[in-house]
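Peer 1: Here you go, one structure.
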Amino acid sequence: MTETELSADQRNVERADGHGPEGGVVKLYERYVAPTYARLPVVFTHGRGSYLYDERGRRYLDLGGGIAVNALGHAHPAMAEALAHQAQRLIHCSNYYYTEPQGRLARELVVRTGPGKVFFCNSGAEANEGLYKLARRFGHAEGRFEILTTYQSFHGRTLAGISATGQDKVKQGFGPLVPGFRHVPFNDLGAMERALSPATVAVLVEGVQGEGGVHVASPEYLLGLRRLCDERGLLLLMDEVQCGYFRTGRFQSWQRILEGVPGGEGFLPDGVAMAKALGGGFPVGAFWVRERHADLLGPGSHGTTFGGTPLACAVALAVLEVVEQEGLAERARQMGEMLLDRLQDLVGRYPRVLAAARGLGLMLGLELQVEAPGLCGDSARSPAARLTGLLLEAGLLVIPAGTHVIRLLPPLNLSEAEAQEGLELLESVVSRLG
Ligand SMILES: *Cc1c(COP(=O)(O)O)cnc(C)c1O
């Protein structure tokens, strides 16, 4: 780039950088950010607890939680303090060496998941990628490599991630995909059993499907998959990226789903992917491997530069401490039950707009009617996207899942008053439609 071009560009940035009605920040995105997201028309500048504030100072109740990421809400002082403190000591050093926070965080995850070991990465897609490699390594000597996943699943946006994901829309235009993935209907044990081939090495499911519309795995399904995998020598892998981290009321979703279910006490998968809420908003991912396979990925077999930095792990440890001290697992369970109750009530009162409410803990889905008045008939935006837009205008943030479901994935420390406010905002918009 020549000097004149550079300064022309800089001038452009300056001009576009002003805030205000001409949408300076949006213009920056239009010019410089790859257009891979259909963003909503709002520019956020800061947050506090369950609220976000836009550049005009308007307040929004955030029940989307950054897609199940902001476990403690925004700008939690314990996180800010852990970040500042650790940043002054050591931010990053290579995985050629040992650092204390990584070892301590690994122990905390193992204690809450089951006997085994943990590998740290930076995102959910990468955590799943580690599980695919674990499975390939596991079956390599026998020539087995195939991983079965379910329709409506979501496992991330890398090439292997979209290959594993059971939704055509993420795959379109990116072929050829990574070989060795096939999909079967969710919560259908027979379908999984019939789909097994001599090449199958693993099964991967979410405990609660998130992007697919909030569908909870049944206890019989999980126990049946465990039995099937034991009988056929397969790894049972679980993607807990969204449904894990106390969201359902227990650390991992299967712990909640199998609570009090005969035969459920000893249940453990062979590998588990985690990310999203693990760092409370700071990027950190991990996968856990059960004891008997924990050394399968040996020195040199896997790695990532940023995995498990002292900064990421110190923050994750601080988030965990707050969750425990404030009893947020229990809070998620209780607040989730209350919210689900009230959402079902809403479905009963607005049956022309709302079809169903479902979920577990603070992972909740509200399904819209196919013909919801005021929401369909726009070919560019799905009913879920249109409702999300209307709720934004009303000051409420939610996350769409597919074309007809909106999700509530609020902070685990959501207060009762905030939950109440969210329900009122939701009803104010839904009542206008139906
Ligand atoms: C978000 C998500 C992923 C992908 O995580 P990234 O951090 O976006 O790579 C994978 N699996 C599930 C279930 C998710 O919800």
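Peer 1: For residue 407, only one of the following conditions fails: (1) surrounded by fewer than 20 Cβ atoms within 10 Å (Cβ to Cβ); (2) closer than 22 Å to residue 257 by Cβ; (3) under 20 Å from the mean Cα position of the chain (by Cα). What is its number?
Peer 2: Just one mismatch for residue 407, condition (1).
Peer 1: Can you tell me which residue is surrounded by the most Cβ atoms within 10 Å (Cβ to Cβ) among those in the stretch 112-150 that are more than 14 Å from the ligand (Cβ to nearest atom) and among the aromatic types (Phe, Trp, Tyr)?
Peer 2: Top of the filtered list is 119.
For (1) in a loop (DSSP other than H, G, I, E, B); (2) surrounded by 24 or more Cβ atoms within 10 Å (Cβ to Cβ); (3) in contact with a Pro (Cβ under 8 Å, 6 or more places away or on another chain), each residue gets a yes or a no:
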| residue | (1), (2), (3) |
| --- | --- |
| 259 | yes, no, no |
| 264 | yes, no, yes |
| 269 | yes, yes, no |
| 272 | no, yes, no |
| 278 | no, yes, no |
| 287 | no, yes, no |
| 296 | yes, no, no |
| 303 | yes, no, no |
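Peer 1: Starting from the stretch 122-141, keep only residues that are in contact (Cβ under 8 Å) with a residue 12 or more places away in the chain and of a type in the set (A, V, I, L, M, F, W, C), then list their pairs with residues that are within 16 Å of the ligand (Cβ to nearest atom) and in a helix (DSSP H, G or I) whose Cβ atoms are within a distance under 9 Å, requiring at least 6 positions of separation or different chains.
Peer 2: Listed pairs, sorted by first residue: 125/160; 125/161.
Peer 1: From the list 84, 34, exactly one residue is over 24 Å from residue 243 (Cα atoms), over 23 Å from the mean Cα position of the chain (by Cα) and without any contact (Cβ under 8 Å) to a residue 12 or more places away in the chain. Which is it?
Peer 2: One residue alone meets the criteria, 84.
Peer 1: Select from the stretch 191-218 the residues that are within 13 Å of the ligand (Cβ to nearest atom) and among the charged types (D, E, K, R) and write down the one among them that is surrounded by the most Cβ atoms within 10 Å (Cβ to Cβ).
Peer 2: 206
Peer 1: Could you list all residues from the stretch 130-181 that are in a strand (DSSP E or B) and of a type outside the set (S, T, N, Q)?
Peer 2: Within the stretch 130-181, 146, 147, 148, 151, 166, 181 qualify.
Peer 1: In the stretch 96-111, which residues are buried (at least 17 other Cβ atoms within 10 Å of the Cβ) and in a loop (DSSP other than H, G, I, E, B)?
Peer 2: The answer is 99, and nothing else.
For (1) without any contact (Cβ under 8 Å) to a residue 24 or more places away in the chain; (2) surrounded by fewer than 17 Cβ atoms within 10 Å (Cβ to Cβ); (3) polar (S, T, N, Q); (4) part of a loop (DSSP other than H, G, I, E, B), each residue gets a yes or a no:
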{"position": "340", "(1), (2), (3), (4)": "no, no, no, no"}
{"position": "346", "(1), (2), (3), (4)": "no, no, no, no"}
{"position": "356", "(1), (2), (3), (4)": "yes, yes, no, no"}
{"position": "359", "(1), (2), (3), (4)": "no, no, no, no"}
{"position": "366", "(1), (2), (3), (4)": "no, no, no, no"}
{"position": "375", "(1), (2), (3), (4)": "no, no, no, yes"}
{"position": "378", "(1), (2), (3), (4)": "yes, yes, no, yes"}
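Peer 1: Looking at the stretch 112-129, which of the residues that are touching a Lys or Arg at 6+ places or on another chain (Cβ under 8 Å) and part of a loop (DSSP other than H, G, I, E, B) is nearest to residue 205 (Cα to Cα)?
Peer 2: Within the stretch 112-129, the match that is nearest to residue 205 (Cα to Cα) is 114.
Peer 1: Here is a follow-up. Between 82, 68, which is surrounded by 14 or more Cβ atoms within 10 Å (Cβ to Cβ) and in contact with a Lys or Arg (Cβ under 6 Å, 6 or more places away or on another chain)?
Peer 2: Only one candidate qualifies: 68.
A short reminder: the numbers here are calculations on the coordinates, not readings from a lab. Remember, it's a predicted structure, so these values are computed and weren't measured experimentally. Reconstructed Cβ throughout: ideal geometry from the backbone, glycine too, with neighbour counts over all protein chains shown.
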